[in-house]
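The values are calculated or read from the model by the stated rules, or taken from the named source; none is laboratory data. All of these numbers come straight from a predicted model, not from anything done at the bench. All Cβ positions, glycine included, derive from the backbone under ideal geometry; neighbour counts span all protein chains shown.
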Amino acid sequence: MAKVVAIIQARMDSTRLPGKVARLLVGKPLLAHIIARVKRTAEINEIVVATTTRASDDRVAEIARQEGIGLYRGSESDVLSRYLAAGQQFNADIVARITGDCPLIDPVTIDRAIKSFSEAQVDYLRLDLDEAGYPRGLDVEVFYYQTLIRAAELIKKEGFQDDKPYREHVTLYIYHHPEKFRIFWLNPPGMLARNYRLCVDEALDFQLIEEIYKNLYRAGDIIDINTAIDFLDHNPTLGALNQSVEQKKF
């Protein structure tokens, strides 16, 4: 059986909202909520937080240890190398990539993505996040560890070794070169086809997530994503709170 490892990239020095992964959300660090949600998956064999060696990220390492999951510490700017090393250390055959700014990441969607990846027999799967796609913040990418090795080799061979976007954004080379990889885009079920921002990049994003958690979170459980969507559907002003926040383009 292939070993599926969820690698959650997280660091304290976010440019737009520093320290967001450790911000308290109903009494727990945001990253701890992400980990709790990933633990509810059925298809993942091991969970790892991949952070940097900087002293400022000791707090990230502490959260990972407190939650009883794996930890890898590596380069701050070369996130691709961080994933390659983490995947090797934890013997990943398949990687589910998750970022540390998604406190409503959905375990059901993660499991569906992993199953769809295997059934489609592709190299790489990502969610459709267009207007009629999944809400941003449910983002998960699934790929073979060997696919990431191949991408790194091609980046080097084609002279992109020092190209910052391809080193900083782990899978950018893969989906920029669909002619070289078998790529599958996963569409959402109807209930999840919403244009909400459920990730945390800026203060308005955190404000929205905080309201969702204050209203729906119960200690010892996780918020069902369908309940969160229904809550926003019935509170359109709240749902539009962070629509002015722009996603970084690269």
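Find the residue count for segment 156-178, including only residues that are under 29 Å from E246 (Cβ atoms) and either in a helix (DSSP H, G or I) or more than 16 Å from the chain's Cα centre (by Cα) (or both).
Residues flagged as under 29 Å from E246 (Cβ atoms) and either in a helix (DSSP H, G or I) or more than 16 Å from the chain's Cα centre (by Cα) (or both) within segment 156-178 amount to 15.
Under the condition of being surrounded by 13 or more Cβ atoms within 10 Å (Cβ to Cβ) and either over 28 Å from G190 (Cβ atoms) or without any contact (Cβ under 8 Å) to a residue 60 or more places away in the chain (or both), the residues counted in segment 124-133 number 1. Of the helices (runs of 4 or more DSSP H) lying entirely inside segment 1-118, those containing at least 1 residues that are out of contact with any strand residue (DSSP E or B) (no Cβ under 7 Å at 6 or more places or on another chain) and of a type in the set (G, A, S) are 30-38. Scanning segment 192-234 for residues that are in a helix (DSSP H, G or I), aliphatic (A, V, I, L, M) and more than 14 Å from L104 (Cβ to Cβ) gives A203, L204. Within segment 209-229, not a single residue is modelled with pLDDT of 95 or more, surrounded by 18 or more Cβ atoms within 10 Å (Cβ to Cβ) and in contact with a Gly (Cβ under 7 Å, 6 or more places away or on another chain). Considering only residues in segment 156-179 that are in contact (Cβ under 8 Å) with a residue 60 or more places away in the chain and charged (D, E, K, R), the one that is farthest from T99 (Cα to Cα) turns out to be K164.
Taking segment 112-123, which residues are surrounded by fewer than 17 Cβ atoms within 10 Å (Cβ to Cβ) and of a type in the set (A, V, I, L, M)? Hit for segment 112-123 is A120, nothing else. In the set (1) within 23 Å of A152 (Cα to Cα); (2) surrounded by 18 or more Cβ atoms within 10 Å (Cβ to Cβ); (3) without any contact (Cβ under 8 Å) to a residue 60 or more places away in the chain; (4) over 16 Å from the mean Cα position of the chain (by Cα), the condition left unmet by D57 is number (1).
Taking residues in segment 103-122 that are within 20 Å of T227 (Cβ to Cβ), and partners anywhere that are surrounded by 22 or more Cβ atoms within 10 Å (Cβ to Cβ) and modelled with pLDDT under 95, not one pair has Cβ atoms closer than 6 Å while being at least 6 places apart or on different chains.
Taking the residues in segment 215-229 that are β-branched (V, I, T) and under 11 Å from M191 (Cα atoms) as candidates, determine which candidate is farthest from the chain's Cα centre (by Cα).
T227
Within segment 129-155, if we keep just the residues that are of a type in the set (V, I, T) and either assigned to a helix (DSSP H, G or I) or at pLDDT below 95 (or both), the residue that is nearest to R97 (Cα to Cα) turns out to be T147.
Listed by first and then second residue, the pairs with beta-carbon distance under 9 Å, at least 6 apart or on different chains, first residue in segment 215-232 and under 13 Å from R194 (Cα atoms) and touching a residue at least 12 places away in the same chain (Cβ under 8 Å), second in a loop (DSSP other than H, G, I, E, B) and of a type in the set (F, W, Y), are A228/Y196; I229/Y196; L232/Y196.
In this structure, A50 does not satisfy being under 24 Å from L84 (Cα atoms), surrounded by fewer than 18 Cβ atoms within 10 Å (Cβ to Cβ) and not polar (S, T, N, Q).
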